[in-house]
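What follows is a short report on a single structure.
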Amino acid sequence: MNNVLTVGDIGIQRIIEIEGPFLPTLDIFPTLSMELLDENRGWLAPRSLAQDDRLVFCFQSYVVRTPHHTVLVDTCIGNDKARPARPQWNLKRDETFMRGLAAAGLSVDDIDFVMCTHLHVDHVGWNTRLQDGRWTPTFPKARYLISKGEFDFWAGEHAKTPLPHFGDSALPVVEAGRAEWVRDDHALDDHVRLLPSPGHTPHHVAVCFGRNGDDAVMPGDLIHSPLQARYPELSPRFDVDGNTAAKTRRSFLERYCDTRALCCMAHFPSPSIGRITRWDDGFRCDYVEA
């Protein structure tokens, strides 16, 4: 986990919290047929597809060191949080994430910016941690950059039906004065900028790094599995707007196909990082190792 992948003048490290079989493939992708899954089983297994047909997911964050800042993209699942629908996450108490951060040579005080691609439960968990019975920002010196549209959407949903992860992992950052609202196309500086990528959530963003073009990009949940690279129109049931997500995904893959940009996937199994190349009417991610 402490291996550094260098591209241009930035360094990338992965902080893995959990990796392994997650949910049944046909459950994740309701429009996928068993026939099509069988047709692709040979290249999916065993790295991306377990023997029981569950997709292998990695839940991870990316640390990116630029000449100006140390940036953390998304914050995984977190500890001590009530997630009864996911027993492996529910009230979890382990040091895996913090050990990964330390292995990368970092403490919580070393993060300058936390970039949130979106505000789903498995991307905001370590935004906060429990201290003296209160949820406080895990990275006390960081500014948390959040799309204003994304926050407003989930604040509206939270007002209708309370969302535990919004209450324990998003609102406390705002209340502590560490949140910074940004546009979906915000540029932090000459090395870090956001790319609007709606569909999975209404204001989902990818995070792009590099001074002269995109040396690396973190697409978040724009894409979950290598199967969606092969078939970009395949949308998971997690997407708020599957049709928009499919269009966004194909556009993203076309944009980065056969370029130098490293795509640092949120949930692809290890090594998770690769370059996009064409595969018939779809695409593939050719992995690179740190």
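The values are calculated or read from the model by the stated rules, or taken from the named source; none is laboratory data. Everything numeric in this text was worked out from a predicted model, so none of it was measured. Note that we place each Cβ from the backbone using ideal geometry, even for glycine, and neighbour counts take in every protein chain shown.
Residue under question is Phe268, and the condition is that it be of a type in the set (Phe, Trp, Tyr), surrounded by 17 or more Cβ atoms within 10 Å (Cβ to Cβ), within 18 Å of the chain's Cα centre (by Cα) and not in a strand (DSSP E or B); does it hold?
The answer is yes for Phe268.
Take the residues in the stretch 160-201 that are within 20 Å of the chain's Cα centre (by Cα) and β-branched (Val, Ile, Thr); name whichever of them is nearest to Ser235 (Cα to Cα).
Residue satisfying both the conditions and the ranking: Thr201.
Please find, among Ile15, Ile10, the residue that is modelled with pLDDT of 95 or more, under 30 Å from Ala102 (Cα atoms) and touching a helix residue (DSSP H, G or I) at 6+ places or on another chain (Cβ under 8 Å).
None of the others qualify; the one that does is Ile15.
Against the definition (under 16 Å from Ile273 (Cα atoms), in contact with a Lys or Arg (Cβ under 9 Å, 6 or more places away or on another chain), of a type in the set (Val, Ile, Thr) and surrounded by 15 or more Cβ atoms within 10 Å (Cβ to Cβ)), how does Ile12 come out, yes or no?
yes
Filter the stretch 17-62 down to the residues that are among the acidic types (Asp, Glu), over 19 Å from the mean Cα position of the chain (by Cα) and either in a helix (DSSP H, G or I) or under 19 Å from Gly274 (Cα atoms) (or both) and list them by number. Break it down into steps so the answer makes sense when it comes.
Residues of the stretch 17-62 that are among the acidic types (Asp, Glu), as a first pass: 17, 19, 27, 35, 38-39, 52-53.
Within this subset, residues satisfying the condition of being over 19 Å from the mean Cα position of the chain (by Cα) are 27, 35, 38-39, 52-53.
Hits for the stretch 17-62 are Asp27, Glu35, Asp38, Glu39.
Please give the number of the condition Ala245 fails out of (1) closer than 23 Å to Val121 by Cβ; (2) surrounded by fewer than 18 Cβ atoms within 10 Å (Cβ to Cβ); (3) of a type in the set (Gly, Ala, Ser).
Tallying (1) closer than 23 Å to Val121 by Cβ; (2) surrounded by fewer than 18 Cβ atoms within 10 Å (Cβ to Cβ); (3) of a type in the set (Gly, Ala, Ser), Ala245 fails exactly one: (2).
Tell me, please, whether a residue that is out of contact with any Phe, Trp or Tyr (no Cβ under 8 Å at 6 or more places or on another chain), surrounded by 19 or more Cβ atoms within 10 Å (Cβ to Cβ), part of a helix (DSSP H, G or I) and in contact (Cβ under 8 Å) with a residue 40 or more places away in the chain can be found in the stretch 271-284.
Within the stretch 271-284 (the criterion being out of contact with any Phe, Trp or Tyr (no Cβ under 8 Å at 6 or more places or on another chain), surrounded by 19 or more Cβ atoms within 10 Å (Cβ to Cβ), part of a helix (DSSP H, G or I) and in contact (Cβ under 8 Å) with a residue 40 or more places away in the chain), the answer is no, since none of the residues qualifies.
Return the residues of the stretch 70-111 that are assigned to a loop (DSSP other than H, G, I, E, B), surrounded by 17 or more Cβ atoms within 10 Å (Cβ to Cβ) and either touching a strand residue (DSSP E or B) at 6+ places or on another chain (Cβ under 6 Å) or not polar (S, T, N, Q) (or both); say none if nothing qualifies.
Those that are assigned to a loop (DSSP other than H, G, I, E, B), surrounded by 17 or more Cβ atoms within 10 Å (Cβ to Cβ) and either touching a strand residue (DSSP E or B) at 6+ places or on another chain (Cβ under 6 Å) or not polar (S, T, N, Q) (or both): Asp74, Thr75, Cys76, Ile77, Gly78, Lys81, Arg83, Trp89, Lys92, Ala104, Leu106, Ile111.
Among what's in the stretch 165-178 and is in contact with a Pro (Cβ under 9 Å, 6 or more places away or on another chain) and either crowded, with 16+ Cβ neighbours inside 10 Å or of a type in the set (Asp, Glu) (or both), pick the residue that is farthest from Ile146 (Cα to Cα).
It comes out as Pro172.
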